[in-house]
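Taking it in order: structure first as structure tokens, then the write-up.
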Amino acid sequence: MIDNSKIFANIKSHRIKYKIILTIMAIILLILVCLNMTIGEKNYSLMEVIHTLLSSENNYIIMKLRLPRTLAGIFCGIAFAIAGNTFQTLLGNPLASPDIIGVSSGSTVAAVFCILFLNLNRGLVSFVAVLAGAVSALLIYKLASKDGYSTNRLILTGIGAQAFFSALINWMIKKASEYDVPTAMRWMSGNLNGITTDTLPLLIVIVLLALITMTYLSNSLQALELGENYATVLGVNVDVTRSLLILISVVLIAFATAISGPISSIAFLSGPIAGRLCSKNQINTIPAALTGAILVLAGDFIGQNLLPTRYPVGIITGILGAPYLVYLLIKQNKGGSI
Amino acid sequence: MNDNILKANDIVAGYGDNTIIDGINLKIPAHKISVILGSNGSGKSTMLKTFCRLLTPHSGSIALNDKSLQEMKNKDIAKSIGLLPQNSIAPEGITVAELVTRGRFPYRKFMCSLTTEDYAAVKEAMEAMKICDLADRSIDELSGGQRQRVFIALALAQQTDILFLDEPTTFLDIAYQIEILDLLKELNRKKKTTIVMVLHDINLSSKYADYIFAMKNGMLIKEGIPSDIITSQTIEEIYGLKSVVITDPVSCSPMIIPISSHDDLTNVS
Ligand SMILES: Nc1ncnc2c1ncn2[C@@H]1O[C@H](COP(=O)(O)OP(=O)(O)O)[C@@H](O)[C@H]1O
Ligand SMILES: [Mg+2]
């Protein structure tokens, strides 16, 4: 008879490790929130910030600049991160992130067009961006499965679509930037400048709803990670669950993109980082979400305060993503598949 | 122990417009080991996929205790029917214990962590497949035989009364083949699990099967106990191969000696 505790020792210790890591991440996030709220052009003490927040005093910098900026950073980070992590888990490949395979830029194309050319309001923009994201996802999937589906083919098709959409975005920005360079810049790599409070509640509600649904579906996602066949045999309603997960991801990307622009690499990096830190047995939705928020806030803090000139957050996070992409391509190339 | 009777009623199935299974009726003998024989491409895997709902039949139905699977809840089916697919892949870096634990999905409840029953089932599955000492190893670093046992344990953790296995011994050396088949036989004898598997080795089928289904071109051409199926006439019907059938001196089951076109047949009576 083999002792239970021996077989499951690692699973149980992973669970403890998981909780510890989540706590550490939450603390890091809290510290970053404090940093972003207190430090900037003008520095405040933590007490001043807390006092202002509690009394909702009319401090323009804290209430109208830093609070929306920080909230947008947190919730856009979470949105990109869980969307990316879900795609990567579903498709079983870290390259299958929506920002690599064209789904995010599909949303961005629509958002850029609606904002720069049609001057639509943010709610409407998000809605159109969701549609565009879903349509691009579907289109890329259809193109990839024309002669029999494979994830590798999906990734290659997606990278092609990504290039096409990027070109389209660049062209639109070039057209529009004659009038509005700063706004246009947002759509290159994501930016937290000029975020207003009124755009945030919807994003926050959507992210929270998505988090709840994802947690509810996390066991199913774990089964889906074993592939469609195993998931079916284990009793997952594969078509419904997968469509729902993809739809939620596209909604998250679209809403976040409409607010901050496509912040580079968050979707792509958060899941793998969370996966490294935690055990494989957990579905990494929550740690990935925290990682995303941390990356955005840290990137924004560095971009705003630590460099000789100010950089948009997406430029900083993009620098992190590039080497990982190269690493993955080299590693997977060795294995003979992407 | 309730008898879970699984039946295929007039199954027509295939891929797209391409019909592969062309009207199959069969009843899986409960608590027995059944083997499906047939040449490559005869539709054995397609039949297993239909039984396990990986493929929706064009017409006909699969019924568990006379209830169509389509009318049953996914999770209830998953508690009765398990599968080892022909090709299994695992997420990168996952450990053996973690993978086997995923077999508990149909029993898990929302937001609840693994229960005592879950742990007991996973442990029992790992003991049955003798992989307890591999618990913390990553799947990527196992040998073919070890991997196969891990994936069977994953199916066992699901605690189903019926287990399908698609070529569980392919790519394994003869010692591993016997090891896996022995473990399956033990499972069948101890837990009365109904086992249905596709095998390519006729002699091993004859040795381990209680019952054999013979398929050809998407149809069931014969079924019966090994001594009725393993005859030179039926083997020629299934595979188009001439053979001589002798008795296995150890297990006394029928055993075939294939005849090659280079063999000198003057000595054969
Ligand atoms: N996924 C698939 N898509 C299309 N055709 C398939 C697929 N899988 C199998 N087939 C075809 O179905 C036929 C039967 O295949 P299969 O059931 O795998 O045979 P077996 O398992 O008996 O070797 C073959 O002609 C094969 O080409
Ligand atoms: Mg087959």
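In the range B:118-229, counting only strands (runs of 3 or more DSSP E) that sit wholly within it, the ones holding 3 or more residues that are more than 16 Å from ligand 2 (Cβ to nearest atom) and touching a strand residue (DSSP E or B) at 6+ places or on another chain (Cβ under 6 Å) span B:219-224. Once the range B:84-123 is narrowed to residues that are of a type in the set (D, E, K, R) and either within 16 Å of ligand 1 (Cβ to nearest atom) or under 30 Å from B:Lys44 (Cα atoms) (or both), the residue that is modelled with the lowest pLDDT is B:Glu92. When the residues of the range B:16-31 are filtered to those that are β-branched (Val, Ile, Thr) and away from ligand 2 (no atom under 16 Å from the Cβ), the one that is nearest to B:Ile5 (Cα to Cα) is B:Ile28. Selection of the range B:93-105 for residues being over 15 Å from B:Glu124 (Cβ atoms) and either in contact with a Gly (Cβ under 8 Å, 6 or more places away or on another chain) or at the interface with chain A (Cβ under 7 Å from one of its Cβ atoms) (or both) yields B:Gly93, B:Ile94, B:Thr95, B:Glu98, B:Arg102, B:Phe105. On inspection, A:Tyr18 does not qualify as among the aromatic types (Phe, Trp, Tyr) and more than 30 Å from A:Thr215 (Cβ to Cβ). Scanning the range A:215-242 for residues that are among the hydrophobic types (A, V, I, L, M, F, W, C), more than 18 Å from B:Val150 (Cβ to Cβ) and facing another protein chain (nearest Cβ under 8 Å) yields a count of 1.
The set of residues in the range B:69-89 that are at the interface with chain A (Cβ under 7 Å from one of its Cβ atoms) and farther than 23 Å from B:Thr193 by Cβ contains only B:Ile89. Here the range A:113-172 is the region considered, the condition is being hydroxyl-bearing (Ser, Thr, Tyr) and within 14 Å of chain B (Cβ to nearest Cβ), and the residue that is farthest from ligand 1 (Cβ to nearest atom) is A:Thr151. Scanning the range A:121-155 for residues that are touching a residue at least 40 places away in the same chain (Cβ under 8 Å) and among the hydroxyl-bearing types (Ser, Thr, Tyr), we see that the one that is surrounded by the most Cβ atoms within 10 Å (Cβ to Cβ) is A:Ser126. The set of residues in the range B:42-62 that are on the phi > 0 side of the Ramachandran plot and within 12 Å of ligand 1 (Cβ to nearest atom) contains only B:Gly43.
With the requirement that a residue be within 13 Å of ligand 2 (Cβ to nearest atom) and assigned to a loop (DSSP other than H, G, I, E, B), what does the range B:32-51 give you? Residues satisfying the conditions are B:Ser39, B:Asn40, B:Gly41, B:Ser42, B:Gly43. Of all the listed residues (A:Val236, A:Val296), the sole one being surrounded by 23 or more Cβ atoms within 10 Å (Cβ to Cβ) and not in a helix (DSSP H, G or I) is A:Val236.
Residues are listed down the side, and each one gets a yes or a no for (1) modelled with pLDDT under 95; (2) among the aliphatic types (A, V, I, L, M); (3) closer than 13 Å to B:Leu37 by Cα:
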{"residue": "B:Cys132", "(1), (2), (3)": "yes, no, no"}
{"residue": "B:Ser138", "(1), (2), (3)": "yes, no, no"}
{"residue": "B:Gln146", "(1), (2), (3)": "yes, no, no"}
{"residue": "B:Leu199", "(1), (2), (3)": "no, yes, yes"}
{"residue": "B:Tyr211", "(1), (2), (3)": "no, no, yes"}
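Taken together, the residues in the range B:16-26 that are farther than 25 Å from B:Ser206 by Cβ, touching a residue at least 12 places away in the same chain (Cβ under 8 Å) and surrounded by fewer than 19 Cβ atoms within 10 Å (Cβ to Cβ) amount to 3. A single member of B:Leu204, B:Leu184, B:Leu163, B:Leu172 is within 14 Å of another protein chain (Cβ to nearest Cβ), more than 16 Å from ligand 1 (Cβ to nearest atom) and among the hydrophobic types (A, V, I, L, M, F, W, C), and it is B:Leu163. Out of curiosity, is B:Ile89 among the aliphatic types (A, V, I, L, M) and either more than 20 Å from the chain's Cα centre (by Cα) or in a strand (DSSP E or B) (or both)? Considered against the rule, which asks whether it is among the aliphatic types (A, V, I, L, M) and either more than 20 Å from the chain's Cα centre (by Cα) or in a strand (DSSP E or B) (or both), B:Ile89 comes out as no. Condition first: part of a loop (DSSP other than H, G, I, E, B), out of contact with any Pro (no Cβ under 6 Å at 6 or more places or on another chain), away from ligand 2 (no atom under 16 Å from the Cβ) and of a type in the set (Val, Ile, Thr). Can you find one or more residues in the range B:62-75 that meet it? Checked the range B:62-75: no residue is part of a loop (DSSP other than H, G, I, E, B), out of contact with any Pro (no Cβ under 6 Å at 6 or more places or on another chain), away from ligand 2 (no atom under 16 Å from the Cβ) and of a type in the set (Val, Ile, Thr).
Taking the conditions (1) within 16 Å of ligand 1 (Cβ to nearest atom); (2) touching a residue at least 12 places away in the same chain (Cβ under 8 Å); (3) out of contact with any Pro (no Cβ under 9 Å at 6 or more places or on another chain) in turn, B:Pro29 satisfies each one other than (1). Against the test of being over 23 Å from A:Ala96 (Cβ atoms), away from chain B (no Cβ under 14 Å) and in contact with a Phe, Trp or Tyr (Cβ under 6 Å, 6 or more places away or on another chain), the options A:Ile195, A:Ile204, A:Ile266 yield a single qualifying residue, A:Ile204. If you check B:Leu114 against the conditions, is it over 21 Å from A:Leu224 (Cα atoms) and either more than 16 Å from ligand 2 (Cβ to nearest atom) or facing another protein chain (nearest Cβ under 8 Å) (or both)? No; evaluated as a whole, the condition is false for this residue.
The values are calculated or read from the model by the stated rules, or taken from the named source; none is laboratory data. All values derive from a computational prediction rather than experimental measurement. Every residue, glycine as well, gets a Cβ built from its backbone with ideal geometry; the counts of neighbours run over all protein chains shown.
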